[in-house]
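Q: Handing you a structure now.
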Amino acid sequence: MTGTVLRAHGGIYEIETADGVVEAVLRGRVKRQDRVGDKVVVGDRVEVQQEEGDGAWTIEEVHERRSALVRKAPGKAPRAKVIVANVDQVVIVFATTRPTPHLRMLDRFLVLCESSEIDALIVANKVDLVGEKAARELFGTYEEIGYRVLYTSPKQDIGIDALRAEICGRISAVTGPSGVGKSSLLNAVQPELALRVASVSDAVQKGRHTTVTAQLIPLDCGGYVADTPGLRELGLWGIDPDELDILFREFEPYRGTCRFGNTCTHTHEPACAIREAVAEGRISNSRYDSYARMWSGDEEE
């Protein structure tokens with residue numbers, strides 16, 4: 001039978017099939033296949049088979065992924081980490097405060113989405129703590145360059161209907177830093193989910209991990225959401241620095257018009273159209289700063 005991986009834990013995979021959810025393990029030949037990141041991740045489409053003797057289920061084949069959100073795995077050894085596969089969009093959640101939004105990390109998420117050709121939806125959460133005007137001052141740049149931004153607050157039921165409309169009928173990965181309220185938002189969209197939530201540490205202003213492993217959750221209104229663990233660092237994977245400018249959509253009108261044409265790195269060359277646009281306020285300084293840091297290989301959190 002064909003099924004979708006809902007969750008993985010301890011080498012056991014929960015697979016949703018037409019006949020219900022089964023638990024399966026990997027067949028040996030699947031383990032030996034060459035794949036980006038883990039052999040099987042949440043969202044993968046797989047073929048499962050039941051053994052005649054003990055009735056155990058095994059994953060016999062993993063279908064080719066139509067999309068994958070991939071980052072560099074934490075640690076010194078360079079390797080890919082697939083967060084989730086086969087999603088239609090990535091819902092990137094940041095808090096307006098508690099924890100303080102580090103927008104360079106948001107820029108990294110957007111670059112990963114652009115490189116994977118997956119739609120991105122930005123959710124600015126906890127607007128009740130700062131007010132919508134202040135929230136729009138923080139995230140308005142992203143609306144100006146064409147990203148969809150929702151302003152939400154589960155406590156005051158702000159933006160929940162709009163978020164529900166965006167995710168119903170689609171397969172969405174919900175991601176972002178720890179403590180920004182991802183689980184609270186999903187509980188507000190579908191209360192019976194009862195996902196575990198936790199407060200932000202006053203001492204370090206960083207969120208506590210409440211989702212410890214990715215899981216694909218069916219929605220009553222159709223579609224699925226992949227609730228993913230909160231991230232405290234986001235390394236880029238598989239992105240050529242010479243092609244990084246293509247992943248910043250506001251650079252599009254200026255690419256190829258620099259003195260050095262398409263060979264310009266937009267970091268130091270004279271008569272660079274993109275740096276001139278930054279100086280004249282047509283491209284935001286913060287977004288350009290993110291580009292320059294990524295181009296230089298900065299692995300900051």
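Q: Taking only the range 133-143 into account, find how many residues are in contact (Cβ under 8 Å) with a residue 24 or more places away in the chain and surrounded by fewer than 15 Cβ atoms within 10 Å (Cβ to Cβ).
A: The number of residues fulfilling the criteria is 1.
Q: Just one of Arg148, Arg164 is touching a Cys at 6+ places or on another chain (Cβ under 7 Å), among the basic types (Lys, Arg) and in contact (Cβ under 8 Å) with a residue 24 or more places away in the chain; which is it?
A: Values: Arg148 fails: touching a Cys at 6+ places or on another chain (Cβ under 7 Å).
Step by step, each of Arg148, Arg164 is checked, and only Arg164 is touching a Cys at 6+ places or on another chain (Cβ under 7 Å), among the basic types (Lys, Arg) and in contact (Cβ under 8 Å) with a residue 24 or more places away in the chain.
Q: Counting only residues that are farther than 30 Å from Leu216 by Cβ and outside any loop (DSSP other than H, G, I, E, B), how many does the range 228-245 have?
A: So the answer is 5.
Q: Show the residue pairs that are 6+ apart or on different chains and have beta-carbon atoms under 9 Å apart, the first residue being within the range 12-29 and free of Cβ contacts under 8 Å to residues at least 40 places away in the same chain, the second being part of a loop (DSSP other than H, G, I, E, B) and not aliphatic (A, V, I, L, M).
A: Note: pairs meeting the criteria are Val25/Gly11; Leu26/Gly11; Leu26/Lys39.
Q: Sort through Val91, Val62 and tell me the only one that's surrounded by 15 or more Cβ atoms within 10 Å (Cβ to Cβ) and either touching a residue at least 40 places away in the same chain (Cβ under 8 Å) or more than 30 Å from Val21 (Cβ to Cβ) (or both).
A: Val91 is the lone residue from the list that is surrounded by 15 or more Cβ atoms within 10 Å (Cβ to Cβ) and either touching a residue at least 40 places away in the same chain (Cβ under 8 Å) or more than 30 Å from Val21 (Cβ to Cβ) (or both).
Q: Turning to a different aspect of this structure: Among the listed residues Val111, Val84, Val30, which satisfies the condition of being buried (at least 16 other Cβ atoms within 10 Å of the Cβ), of a type in the set (A, V, I, L, M) and assigned to a strand (DSSP E or B)?
A: Details: Val111 fails: assigned to a strand (DSSP E or B); Val30 fails: assigned to a strand (DSSP E or B).
Step by step, each of Val111, Val84, Val30 is checked, and only Val84 is buried (at least 16 other Cβ atoms within 10 Å of the Cβ), of a type in the set (A, V, I, L, M) and assigned to a strand (DSSP E or B).
Q: Any idea which residue in the range 1-36 is nearest to the chain's Cα centre (by Cα), counting only those that are modelled with pLDDT under 80 and of a type outside the set (Val, Ile, Thr)?
A: The extreme case among them is Arg35.
Q: Do you know which residues across the range 115-159 are in a helix (DSSP H, G or I), modelled with pLDDT of 95 or more and either within 14 Å of the chain's Cα centre (by Cα) or closer than 16 Å to Gly181 by Cα (or both)?
A: Those that are in a helix (DSSP H, G or I), modelled with pLDDT of 95 or more and either within 14 Å of the chain's Cα centre (by Cα) or closer than 16 Å to Gly181 by Cα (or both): Val127, Asp128, Leu129, Ala135.
Q: Tally time: how many residues in the range 142-171 are in contact with a Phe, Trp or Tyr (Cβ under 7 Å, 6 or more places away or on another chain) and either more than 30 Å from Tyr288 (Cβ to Cβ) or not small (Gly, Ala, Ser) (or both)?
A: Here the count works out to 3.
The values are calculated or read from the model by the stated rules, or taken from the named source; none is laboratory data. Remember, it's a predicted structure, so these values are computed and weren't measured experimentally. FYI the Cβ positions are ideal-geometry reconstructions off the backbone, even for glycines, and counts take in every protein chain you see.
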